[in-house]
Amino acid sequence: MTRRMSNTPELPPEPKTDPVWPADQGPDRDRSKGAVQTLDPRSSAGRRFLFLQGPHGPFFYQLSTMLRRAGAQTWRVGFNAGDRVFWPDRASYIAYRQTPDRWADHIAEVIAERQITDLVLYGDTRAIHADAVRAAKAAHLRVHVFEEGYLRPYWATYERDGSNGHSRLMDMDVADMVASLADSDREAAPPPSHWGDTRQHIFYGALYHGCVMLLNRGYPAFRPHRGISVTREFQLYLRRLVLMPLQALERRWATRRVRNGGFPYHLLLLQLEHDSAFQAHSPFSTNADFMEEVCRGFAKGAPQHHHLVVKAHPLEDGRSPVRQQLRDLACRYGIADRLHYVRGGKLARLLDDAVSAVTVNSTAGQQALWRGIPLKIFGKAVYGKPQFVSDQALTAFFANPKAPDLGAYRDYRRYLLETSQLPGGFYSRKGRKQLLRQVVDRMLAVEDPYAAHPHTAQPGTTAAAPQQLQVVN
């Protein structure tokens, strides 16, 4: 492994002496007072960032490199060989080799020993991250949470303290967002004409799990946070990567058949069954349970000439037999001639003609809202506001769905674009560059993205202003 990583440029060694801390910002500051003392947003002196698990690929390491260039110190806790491969700097890598039940105590020890000021992670619901967030908040650290974009696929999400069902957006009223935009004359950035990093996402996923499968002897206590083995995960990623061209042809044919069918249709938007938003913030444990409830409501409530189109997630890999489950449900509820399945791919063409959409809490629901399409959700979602999503019973929704308040949603979307949604992505090279241009300043700023909104920021803060989205093919 050492020889493989020899071509990777090493970062300068850590300083032998501790940095000079301002009197009220050092590691010995009184944490009993509550929130971390205010830092100069233009300075990273004394900031010590601890990274946990991130998106598959090099994004977290590239982010840490930029933070170091800004003057901060960074470390990474790794739990397996995949984490290690994507963090080539040995001096700042901390291998966790103990059993999962020791993790909560261990992370508290690392925070204290390294005098950590900031915790960085991707998603906040997996067990190791949830334990780390609790320890970080107890020590009054800043918690930086990355997620896939709420306005996916053109943006990535950066928030403080929590994301999805734990996001500050959950407790914010649309009226408050509109008020914060009152003095803004900035136009919402348009989406690019072309975008795509699905191939890179799948490639890095396969590479990551391949490393865990083949090189993980140094981590005997490692346990994956998902319900299948690492070997099976690698096989699914590899199979998905190899079959992408054939599945694209199948998808185009299925989409064309629906769009040329001449019938009104409703969209059922599936999520990955193992996705954190689905598992932690919904009433369902499996897609099969969700699909059964929707099919039953559709059979009872939808007009007889309406159809139901089930759209799979773009990264659906076949770990659950979705197609067979739908066949069984179609027969059970007598809708076999009105049920269609479309595998992955982009959603826009199907949404253009849809009567309504139903999902648990997928970010794809926002694409429906952007078009003014009636939307029914079943889980906790950052867009789950009464102005946007229907409160009708499912049968009534399929019979006569109520449209969202499109004006209010456009205000909400504009607010997201000026706060937590950053152009770029985690997986493609150009997407990472686009994201890194903005996110370091956001992380070094005093306030979180919502409190530091340029038009509502407290005096003396310097919130980073959003940039216009650039095409990053």
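Brief remarks follow.
- From the C-alpha gyration tensor of the stretch 325-407, square roots of 5λ in Å: 23, 15, 12
- Per atom type, the stretch 202-246 shows carbon and sulfur on 64% of its accessible surface, probed at 1.4 Å.
- Note, ³J(HN,Hα) from phi for the stretch 149-163, Karplus 6.51, -1.76, 1.60, rounded to Hz, x at Gly and Pro: x, 5, 10, 3, x, 8, 9, 10, 9, 10, 9, 10, 6, x, 9
- On the beta carbon distance between Val178 and Ala348, with R0 = 30 Å, the FRET formula returns roughly 0.65.
- Put simply, the amide H of Thr74, placed in the peptide plane, has neighbours under 5 Å in Phe49, leaving out anything fewer than 5 places away on its chain.
- For Leu268, nonlocal amide neighbours, meaning residues 5 or more places apart or on other chains whose placed amide H falls under 5 Å from its own, are Val309, Val310, Lys311, Val358.
- In sequence order, calculated HN-Hα J values of the stretch 390-398 (Karplus, 6.51, -1.76, 1.60; Hz; x Gly/Pro): 6, 9, 5, 4, 4, 5, 5, 4, 5
- Evaluated at q = 0.13, 0.17, 0.23 Å⁻¹, a Debye calculation over the C-alpha positions of the stretch 230-299 (equal weights, vacuum) places log10 I(q)/I(0) at -0.61, -0.96, -1.10.
- Antiparallel beta bridges, as assigned by DSSP with both residues in the stretch 82-203, represent about 50 percent of the total such bridges.
- At an R0 of 35 angstrom, the distance between the Cβ atoms of Asp289 and Arg259 translates into a FRET efficiency of 0.75.
- Peptide packing for 395-404, 338-347 was compared via the average number of neighbouring C-beta atoms within 10 Å per residue; ordered from the highest value, the list is 338-347, 395-404.
- In this structure the stretch 79-207 gives 41 Å² per residue of accessible area when probed at 1.4 Å with all protein chains present.
- Only protein atoms count toward the accessible area here, which uses a 1.4 Å probe; on the stretch 66-147, the carbon and sulfur part of that area reaches 51 percent.
- Charge tally in the Cβ shell below 14 Å around Asn400, where Lys, Arg are +1 and Asp, Glu are -1, Asn400 excluded: +2
- Taking every protein chain into account, the accessible area of the stretch 254-383 amounts to 38 square angstrom per residue (probe 1.4 Å).
- Descending by average beta-carbon neighbour count within 10 Å, the peptides 171-177, 322-328, 115-121 line up as 115-121, 322-328, 171-177, the highest first.
- Close amide H contacts of Val120 (hydrogens built in the peptide plane, cut-off under 5 Å, sequence separation of 5 or more or a different chain): Leu50, Phe51, Leu52, His144.
The values are calculated or read from the model by the stated rules, or taken from the named source; none is laboratory data. The structure displayed is predicted, hence computed values, not measured ones. Neighbour counts run over all protein chains shown; Cβ positions are idealised from the backbone, glycine included. Just so you know, the surface numbers come from the protein's heavy atoms only, side chains and all, with ligands and any DNA or RNA stripped out. Shrake-Rupley method; radii C 1.70, N 1.55, O 1.52, S 1.80 Å.
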